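Enquirer: Just dropping this structure here.
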Amino acid sequence: MAPDIVLSQWRKGSEWLELRRSLAVEVVADFKYHFLFRKYCQPPCYADEHYFPTYFNMFHGALIANRSITWVDWSRGGPHPATYGFQNITKDLIQSIRESKICKYNSGATTMCFLFARKFAPDALELLLNLTSAVMSS
């Protein structure tokens, strides 16, 4: 994608993001960089994980948090994160996700680092819902 995008500008991030309207309009109007990603971003490059973070880093670096708001377990290696099913769901697991480290938010430290978590199998849903009051009250 060089010379339009150089390696030092390249970023990867979650598909989840929040935009103010002016940035959303700018992204929707972008043809140049979106075209480059459509043309050259092939697996293991995935446009939904690379285009937005790279674009915002290039043009609006001061407006991005440079951190993920989605917890995901890549510790097992490979192209896909770990999936947690019914047998893996415990109160301790959810607590470890909720308070796994210290993150910066509006220049202050917080342990509430993630708004989302993935990947949970369909058979985990009922147990996750049943754990809600126990996890949220502690």
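The values are calculated or read from the model by the stated rules, or taken from the named source; none is laboratory data. Quantities reported herein were computed from a predicted structural model and do not represent experimental measurements. Positions of Cβ are generated from backbone atoms using ideal geometry, with glycine treated the same way; all protein chains shown enter the neighbour counts. Remember, those area values only see protein heavy atoms, side chains included, never the ligands or the DNA or RNA. Shrake-Rupley method; radii C 1.70, N 1.55, O 1.52, S 1.80 Å.
Enquirer: Of all residues in region 117-138, which are within 13 Å of Y84 (Cα to Cα), outside any loop (DSSP other than H, G, I, E, B), of a type in the set (A, V, I, L, M) and open to solvent by less than 70 Å² (accessible area, probe 1.4 Å)?
Expert: A117, A124, L127, L128
Enquirer: Considering each of K91, K119 in turn, give the residue that is closer than 25 Å to A65 by Cα and either at pLDDT below 90 or not hydrophobic (A, V, I, L, M, F, W, C) (or both).
Expert: Values: K91 fails: closer than 25 Å to A65 by Cα.
Just a single option satisfies the conditions, and that option is K119.
Enquirer: Collect the residues in region 26-38 that are of a type in the set (A, V, I, L, M, F, W, C) and over 21 Å from the mean Cα position of the chain (by Cα), keeping them in residue-number order.
Expert: The first filter runs over region 26-38 and keeps only residues of a type in the set (A, V, I, L, M, F, W, C), leaving 27-29, 31, 35-37.
Passing the criteria: A29, F31, F35, L36.
Enquirer: Which residue pairs have Cβ atoms under 9 Å apart, sit 6 or more places apart or on different chains, and have a first residue in region 1-25 that is more than 25 Å from R118 (Cα to Cα) and a second that is in a loop (DSSP other than H, G, I, E, B)?
Expert: Here the result reads M1/W10; M1/C41, each pair linking region 1-25 to a residue that is in a loop (DSSP other than H, G, I, E, B).
Enquirer: Further, regarding this structure: Across region 2-54, what is the number of residues that are modelled with pLDDT under 90 and among the hydroxyl-bearing types (S, T, Y)?
Expert: Going through region 2-54 one residue at a time, the tally reaches 2.
Enquirer: Is region 57-65 home to any residue that is out of contact with any Ser or Thr (no Cβ under 6 Å at 6 or more places or on another chain) and within 21 Å of A117 (Cα to Cα)?
Expert: Just the residues of region 57-65 that are out of contact with any Ser or Thr (no Cβ under 6 Å at 6 or more places or on another chain), to begin with: 57-65.
Those still in the list that are within 21 Å of A117 (Cα to Cα) too: 64-65.
Scanning region 57-65, I find at least one residue that is out of contact with any Ser or Thr (no Cβ under 6 Å at 6 or more places or on another chain) and within 21 Å of A117 (Cα to Cα), so the answer is yes.
Enquirer: Within region 1-116, considering only helices (runs of 4 or more DSSP H) that don't extend past its boundaries, which have at least 2 residues that are out of contact with any Lys or Arg (no Cβ under 7 Å at 6 or more places or on another chain), open to solvent by less than 50 Å² (accessible area, probe 1.4 Å) and farther than 29 Å from L127 by Cβ? It would help to see each step written out before you state the result.
Expert: Numbers: elements: 21-29, 32-40, 47-60, 91-98.
Once the helices (runs of 4 or more DSSP H) in region 1-116 are filtered for at least 2 residues that are out of contact with any Lys or Arg (no Cβ under 7 Å at 6 or more places or on another chain), open to solvent by less than 50 Å² (accessible area, probe 1.4 Å) and farther than 29 Å from L127 by Cβ, what remains is 21-29, 32-40, 47-60.
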